[in-house]
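This report refers to the structure that appears directly beneath it.
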Amino acid sequence: MRKSMAVLSCAGMAGILSACSGTWDVEGLKASKVSGNAFDQALRDEYVALANYERVQCDWFDTAAYVERGKLAAAGAPPAPEAIGERNLPENKVGELTAARAQLMPFLTAEYKDIAPKALAAAQAGYECWMEQQEENWQLDDIAACRKKYDDAIKVLKDAKMQPFVVYFPLNSAKLQGDAMAVIKEAAAAFKNRKASRADVAGHADTSGKAAYNDRLSSLRAEAVGEALVKMGVPEAAVTISAFGESDLAVKTSNGKKEPRNRRVVIRIVK
């Protein structure tokens, strides 16, 4: 971000600082009242740390940028992670940072802001710090530290909510075939390892049959998976069974369409 100017010396910026000191008011940001949620608070704190670091480095432009982003977070209107085009990145680094942003974005939901606010804020700050340091492209330790902060936070986010296990079925069948038992075994192990309280089992069908038939078929599929979980040690009282027929498609299709990805049972392990 405008690095040709950002590296001006502290002495060279002294006059501007005296005229516009509020722009670099890290202490003011730190003392500001947060009107949003726990994520907004955590993100504000992350921007305080980033702004303070850049101020010590005499990088006034990034100090100002982080202060302004911190103000948005404190006001309950947190900014989205910086877009790739906002930084003049080395060409060979664009791909991995694009992938990092794409990995981060799905976590920026109300759910994750509630269950893992600090980790989510750390992931965003780590990504933006990584972007900034990669643009400068000379402080290799700083690049590595920012990237590690991002990677560590993403790992916490992935662990914060167990991703669902999906069992697929042949056409017009509720039989457990292929790798179905391996997936169910994995789900049962996750239930035990996480000391979970519930295993929610939801059956689904594609649109290739009549709606009433698909309702029944999705129920049979869910029951088959539920029974297998119980046999693998998940308490029967912890297994909840539901069936959605063709009403909740993983892949939207027209009526009468055979779609393997819609013939499924989804197992969600609840902590």
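Here region 101-258 yields Rg over Rh of 1.12, to two decimals, using C-alpha coordinates and the Kirkwood radius. The protection proxy used here, the mean number of other Cβ atoms lying within 10 Å of each residue, ranks peptides 240-249, 97-106 as follows, highest first: 240-249, 97-106.
Of Lys30/Lys71; Lys161/Lys192; Lys148/Lys195, which sit over 18 Å apart, Cα to Cα? Where the Cα-Cα span goes over 18 Å, the pairs concerned are Lys148/Lys195.
What percent do you get for the relative contact order of region 115-177 when only Cα pairs under 8 Å and 6+ apart count? It would help to have the intermediate numbers written out before the result.
Numbers: 47 pairs, mean separation 22.6, N = 63.
With pairs under 8 Å counted, the relative contact order is 36 percent.
The alpha-carbon atoms of region 165-270, seen along their principal axes, cover 41, 23, 19 angstrom, with the largest extent given first. Computed from Cα atoms, the angle from the helix 140-160 axis to the main principal axis of the chain rounds to 30 degrees.
Just to confirm my numbers, what's the Cα centroid distance between region 182-204 and region 75-134 in Å? One Cα centre to the other: 31 Å. Each peptide in 66-75, 149-158, 112-121 receives the mean, over its residues, of other Cβ atoms within 10 Å, and ordering these scores from highest gives 66-75, 112-121, 149-158. Our summary of shape: the Cα atoms of region 202-257 have principal axis extents of 39, 19, 13 Å, ordered from largest down, in whole angstrom. Values of log10 I(q)/I(0) for region 80-172 across q = 0.16, 0.22 Å⁻¹ run -0.66, -1.04, by the Debye formula with one identical scatterer at each alpha carbon and no solvent. Mean projected area of the Cα convex hull of region 3-160, taken over all directions, amounts to 9.0 nm².
Only Cα pairs under 8 Å and at least 6 apart count here; give the relative contact order of region 165-270 as a rounded whole percent.
42
Distances between every pair of Cα atoms in the chain, grouped in 10 Å steps from 0 to the bin holding the largest one, split as 7, 23, 22, 18, 15, 10, 4, 1 percent.
Listed values for region 253-261 are Karplus-derived 3J(HN,Hα) couplings in whole Hz (6.51 cos²θ - 1.76 cosθ + 1.60, θ = phi - 60°), namely 9, 6, 5, x, 8, 7, 9, x, 6, and x replaces Gly and Pro.
Among 130-139, 39-48, sorting by the average number of other beta carbon atoms lying within 10 angstrom of each residue, highest first, gives 39-48, 130-139.
Computed from the coordinates by the stated procedures, all read-outs in this text should not be read as laboratory data. As the structure is a computational prediction, the values presented were derived from the model and not from experiment. Cβ sites come from the backbone with ideal geometry, for glycine too, and all protein chains shown count toward neighbours.
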